[in-house]
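J.: Please read through the structure below; I'll follow up with questions.
The values are calculated or read from the model by the stated rules, or taken from the named source; none is laboratory data. Just so we're clear, the structure is a prediction, and the values are computed from it rather than from any experiment. Note that we place each Cβ from the backbone using ideal geometry, even for glycine, and neighbour counts take in every protein chain shown.
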Amino acid sequence: MRPIRSLLLYMAVVFGGGALLAPWLYWLAQAAAGQWPALGNLASKPFPRFLNRSLLGLALLCLYPLLRACTMLHWRDVGLEDRRSWLSGVARGFLLGFGSLAAVALLAVLWGGKSFNAPHSMREILGRASSAALTAVIVAVMEEFIFRGALFGILRKAVTWPEALVWSSAIYAVVHFIQKASFAGPVQLWSGLALLPKMFQAGAFVPMFFTLFLAGSILALAYQRTGKLFFSMGLHAGWIFWLRFYGILIGGNLLGEWLALPVLAGVFWIVWRMKPAGERMDGV
């Protein structure tokens, strides 16, 4: 059970250490802005922003020690082996992800009473679409490496892969409820620890939790089936693009639409029907 202990220690360091580190980062930004006025914009950010970035930074910095403790230092251990075929995997995944949430967006307009609320100029639409695409690439790569390559991969070493899929998907869904919280008063040494519970906002828990859980399950299953992260990265990027673009064109959160659940269930069935990587290599 060493992988589980290592994973629990990792989570304790990320959340506990991130909460304790955030005030120091905030104070450092204030002091640096006093010396270099160009940093004034950074120093003006609210404290919850520093806490959020502190958690993310520690999550990334501590990944290497976590993977090392779990003997997962080779590229194949995190689903990034044989990068020559990455483009086809990403492209196939992106088409499925893009098409599935595009269908949800269309159904929300046709049957869900939603209406288009697009910016006035085509130039603005294209600019925001480009921004959504860039966000999709960054978020998909980072989250797939953390949640599927590392978390799901580590859990598979301790339990069966279906159990690992359930646990990693539940954690993936819960983490997405971490939101910015309001903060008033001076920043003190324990401010991060006090603010951390308030950042777990359970608003619109249903159906969003189930949608996120199903999405995480699909991404983990895609990794299990293909043996690589590239398909999952493309699939995730297609989803993230539409989540951002839906907010631009229509407004609101696409994950809060009940219509997303049956569509994602169909995607789960498609991925489930994919032949495992070993069978494809054997020509079965």
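J.: Please indicate, with yes or no, whether at least one residue in segment 162-174 is more than 25 Å from Arg5 (Cβ to Cβ), aliphatic (A, V, I, L, M) and at pLDDT below 95. Step through it out loud before you land on a result.
T.: Here is the first cut: in segment 162-174, the ones more than 25 Å from Arg5 (Cβ to Cβ) are none.
Looking for residues that are more than 25 Å from Arg5 (Cβ to Cβ), aliphatic (A, V, I, L, M) and at pLDDT below 95, one finds none in segment 162-174, hence no.
J.: Further, regarding this structure: Go through segment 1-44 residue by residue and tally those that are of a type in the set (Ser, Thr, Tyr), surrounded by fewer than 15 Cβ atoms within 10 Å (Cβ to Cβ) and closer than 30 Å to Glu163 by Cβ.
T.: Total meeting the criteria: 0.
J.: Can you pull out every residue in segment 242-284 that is part of a helix (DSSP H, G or I), over 15 Å from Pro207 (Cα atoms) and either of a type in the set (D, E, K, R) or modelled with pLDDT under 80 (or both)?
T.: Once the filter is applied, which keeps residues that are part of a helix (DSSP H, G or I), over 15 Å from Pro207 (Cα atoms) and either of a type in the set (D, E, K, R) or modelled with pLDDT under 80 (or both), segment 242-284 yields Arg244, Gly247, Ile248, Leu249, Ala277, Gly278, Glu279, Arg280, Met281, Asp282.
J.: If you don't mind, there's one more thing I want to ask. What are the residues in segment 61-85 that are in contact (Cβ under 8 Å) with a residue 60 or more places away in the chain and hydrophobic (A, V, I, L, M, F, W, C), if any?
T.: Leu63, Leu66, Leu67, Ala69, Cys70, Met72, Val78, Leu80
J.: Let me ask something additional. Quick check: is even one residue across segment 221-241 in contact with a Ser or Thr (Cβ under 6 Å, 6 or more places away or on another chain), at pLDDT 95 or above and at negative phi?
T.: The initial filter retains those residues of segment 221-241 that are in contact with a Ser or Thr (Cβ under 6 Å, 6 or more places away or on another chain), namely 222-223.
Pick out the ones that are also at pLDDT 95 or above and you get 222-223.
Checking the rest, the ones that are also at negative phi come to 222-223.
Yes, some residue in segment 221-241 is in contact with a Ser or Thr (Cβ under 6 Å, 6 or more places away or on another chain), at pLDDT 95 or above and at negative phi.
J.: Just to be sure before I move on: is Lys180 part of a loop (DSSP other than H, G, I, E, B), buried (at least 16 other Cβ atoms within 10 Å of the Cβ) and either in contact with a strand residue (DSSP E or B) (Cβ under 8 Å, 6 or more places away or on another chain) or basic (Lys, Arg) (or both) in the structure I sent? Break it down stepwise before answering.
T.: Details: part of a loop (DSSP other than H, G, I, E, B): yes; buried (at least 16 other Cβ atoms within 10 Å of the Cβ): no; either in contact with a strand residue (DSSP E or B) (Cβ under 8 Å, 6 or more places away or on another chain) or basic (Lys, Arg) (or both): yes.
Here the answer is no, as Lys180 does not meet what is asked.
J.: Is at least one residue of segment 105-126 more than 25 Å from Val263 (Cβ to Cβ) and either of a type in the set (Gly, Ala, Ser) or modelled with pLDDT of 95 or more (or both)? I'd like the intermediate steps shown before the answer.
T.: Of segment 105-126, the ones more than 25 Å from Val263 (Cβ to Cβ) are 119-124, 126.
From the residues that got through so far, the ones that are either of a type in the set (Gly, Ala, Ser) or modelled with pLDDT of 95 or more (or both) too are 121.
Yes, segment 105-126 contains a residue that is more than 25 Å from Val263 (Cβ to Cβ) and either of a type in the set (Gly, Ala, Ser) or modelled with pLDDT of 95 or more (or both).
J.: Further question on the same structure: May I ask you to list pairs of residues, at least six apart or on different chains, whose Cβ atoms are under 8 Å apart, with the first in segment 1-24 being within 15 Å of Leu63 (Cβ to Cβ) and touching a residue at least 60 places away in the same chain (Cβ under 8 Å) and the second being in a helix (DSSP H, G or I) and not hydrophobic (A, V, I, L, M, F, W, C)?
T.: What qualifies is Gly18/Ser54; Gly18/Gly57; Gly18/Gly192.
J.: On to the next question. What pairs come up if the first residue lies in segment 124-152 and is over 24 Å from Leu73 (Cα atoms), the second is at pLDDT below 95 and among the charged types (D, E, K, R), and their beta carbons are under 6 Å apart, counting only those six or more places apart or on different chains?
T.: Ala132/Arg244; Thr135/Arg244
J.: Determine which member of the set Gly185, Gly153 is part of a loop (DSSP other than H, G, I, E, B) and either in contact with a Gly (Cβ under 7 Å, 6 or more places away or on another chain) or not polar (S, T, N, Q) (or both). Break it down into steps so the answer makes sense when it comes.
T.: Numbers: Gly153 fails: part of a loop (DSSP other than H, G, I, E, B).
Among Gly185, Gly153, only Gly185 is part of a loop (DSSP other than H, G, I, E, B) and either in contact with a Gly (Cβ under 7 Å, 6 or more places away or on another chain) or not polar (S, T, N, Q) (or both).
J.: From the list Ala32, Ala38, exactly one residue is more than 10 Å from Ser54 (Cα to Cα) and in contact with a Leu (Cβ under 8 Å, 6 or more places away or on another chain). Which is it? Before you say what the answer is, go through the steps one by one.
T.: Details: Ala38 fails: in contact with a Leu (Cβ under 8 Å, 6 or more places away or on another chain).
From the options Ala32, Ala38, the qualifying one is Ala32.
J.: Mind telling me which of the residues Phe200, Phe245 ends up being aromatic (Phe, Trp, Tyr), surrounded by fewer than 19 Cβ atoms within 10 Å (Cβ to Cβ) and over 16 Å from Phe145 (Cα atoms)? Even if it seems obvious, please write down each step before you answer.
T.: On the way: Phe245 fails: surrounded by fewer than 19 Cβ atoms within 10 Å (Cβ to Cβ).
None of the other options fit; the residue is Phe200.
J.: Turning to a different aspect of this structure: So in segment 122-143, with the set limited to residues that are surrounded by 15 or more Cβ atoms within 10 Å (Cβ to Cβ) and of a type in the set (D, E, K, R), which one is nearest to the chain's Cα centre (by Cα)?
T.: Within segment 122-143, the match that is nearest to the chain's Cα centre (by Cα) is Glu143.
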